[in-house]
Amino acid sequence: MAVSMNKVFANLPVTVFEAMSQLARDNDAINLGQGFPDDPGPEDIRRAAADASINGYNQYPSMMGIPELRTAIATHYKHWHDLDLDPFAEVMVTSGGTEALTSAILAVVEPGDEVIVFQPVYDSYLPIIRQAGGIPRLVRLEPPHWRLTDDALREVFNHKTKAVLFNNPLNPAAVVYPREDLELLATYCQDFDVVAICDEVWEHVTFDGLAHIPLITIPGMRDRTIKIGSAGKIFSLTGWKIGFVCAAPDLLRVVAKVHQFLTFTTAPNLQAAVAYGLGKSDDFFRQMRVDLARSRDHLTKGLEAIGFPVLKSQGTYFLTVDLSPLGLNETDEAFCRRIVTDYKVAAIPVSAFYERDAVTSVVRFCFAKKDATLDAALERLSDAVHRR
Ligand code: GLN
């Protein structure tokens, strides 16, 4: 007799990022699926981690994060967003953005609470909301602009709404939301007394002079927003899994109670290195954007040259292509399976970011790669707009 396991997790597929990376390995494909750069990351930050491993403290660091990192996070956000955070009451370090999100959701959501999420939705959100007993209310964002609209928000906010999960810049759509959309969302959060859990892990990865605006800085949101960041994305060190949670003391205190029993704490050498990295000059962050924007343009031009209609990417490591004008008569998922086996290039079908009413004609490519990697992928894909 089979044992009965938790149905929320028992029926879940393996996350699309892992599944596509495995297919990439199996097919010896170039992996433009899962979002990670193919360079080793800033050497000085990696050296700081090595130095902290050899010369620093390697036992359990404090549960909330090492004081140097909590202070560096507060200083960083003061500098970039004029946000005043008390490092010891309003900042916590987690083992990555996903842990931060899980801690925040479990801290806020109780059985029967409605939680608003936007599709395309990152795949970890819904299972964790459901595990908490929450009821997801899905809002479908429409390509190519993926903007928030008053009509869509009016339809879902109600007196049972407890929280909204908002990802900005938005993965996979690569949108950086303008102030107007944030103000609209903020109005609804205040009118219905809702907590905003903001997945802002892509906050530094914005292009063409577009600035990321944290929702917590919009008037009225300071005490009802849980802001989540990730050093992996800021420093192109995705395997380090260092996340941050910033929130008013009454909110953070409860998020910390979940964190203490999820991961409790995070590798102290990596925390020390991230504290060092957050203090780097503005030029470092600007140059990172310039370099990534150049890679975006490189892949955009290459894909357009071989016939793919590319949707504009304003931020993140990703761009998307719209298959619908190509007349391929196959879904994004079928297309991704075909190109990984026939052309040895992995990408992510955007339908994986939907629970229902999926957009099935959009595919995501990661451009955070060396030119040689992108060129090799383009060469392999040169006739992929035709079926064979
Ligand atoms: N955030 C990454 C992406 O969108 C995936 C992270 C993961 O695989 N858990 O590609």
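Just the residues that are β-branched (Val, Ile, Thr), crowded, with 21+ Cβ neighbours inside 10 Å, within 17 Å of the chain's Cα centre (by Cα) and outside any loop (DSSP other than H, G, I, E, B), please, taken from segment 226-256. Passing the criteria: 226, 228, 234, 245.
Among the residues of segment 369-384, is there at least one that is among the charged types (D, E, K, R) and within 14 Å of the ligand (Cβ to nearest atom)?
If we filter segment 369-384 for residues that are among the charged types (D, E, K, R), which is where we start, we get 369-371, 375, 379-380, 383.
Add one more test, that the residue is within 14 Å of the ligand (Cβ to nearest atom), and what stays is 369.
There is at least one residue in segment 369-384 that is among the charged types (D, E, K, R) and within 14 Å of the ligand (Cβ to nearest atom).
Do you know which of the residues in segment 15-59 that are polar (S, T, N, Q) and within 14 Å of the ligand (Cβ to nearest atom) is surrounded by the fewest Cβ atoms within 10 Å (Cβ to Cβ)? Selected residue: 22.
Among the residues in segment 366-383, are any free of Cβ contacts under 8 Å to residues at least 24 places away in the same chain, under 23 Å from the mean Cα position of the chain (by Cα) and under 25 Å from residue 205 (Cβ atoms)? Within segment 366-383, not a single residue is free of Cβ contacts under 8 Å to residues at least 24 places away in the same chain, under 23 Å from the mean Cα position of the chain (by Cα) and under 25 Å from residue 205 (Cβ atoms). Within segment 284-307, is even one residue within 27 Å of residue 177 (Cβ to Cβ) and not in a helix (DSSP H, G or I)? So far as segment 284-307 goes, no, none of its residues is within 27 Å of residue 177 (Cβ to Cβ) and not in a helix (DSSP H, G or I).
Among the numbered conditions (1) farther than 19 Å from residue 185 by Cα; (2) over 16 Å from the mean Cα position of the chain (by Cα), tell me where residue 159 comes up short. Here residue 159 meets the rest and fails (1).
So which of 232, 243 ends up being in contact with a strand residue (DSSP E or B) (Cβ under 6 Å, 6 or more places away or on another chain), within 16 Å of the ligand (Cβ to nearest atom) and within 30 Å of residue 54 (Cβ to Cβ)? Matching residue, one of 232, 243: 243.
Only one of the numbered conditions (1) in a loop (DSSP other than H, G, I, E, B); (2) touching a Cys at 6+ places or on another chain (Cβ under 8 Å) is violated by residue 363, and that is (1). Might you let me know whether segment 134-150 holds any residue that is part of a helix (DSSP H, G or I), closer than 30 Å to residue 73 by Cα and away from the ligand (no atom under 16 Å from the Cβ)? There is no residue in segment 134-150 that is part of a helix (DSSP H, G or I), closer than 30 Å to residue 73 by Cα and away from the ligand (no atom under 16 Å from the Cβ).
Read the figures in this text as sums done on the coordinates, not as results from a lab. Treat the numbers as computed from the prediction; the structure is a model and nothing was measured. In this analysis, Cβ positions are derived from the backbone assuming ideal geometry, glycine residues included, and neighbour counts consider all displayed protein chains.
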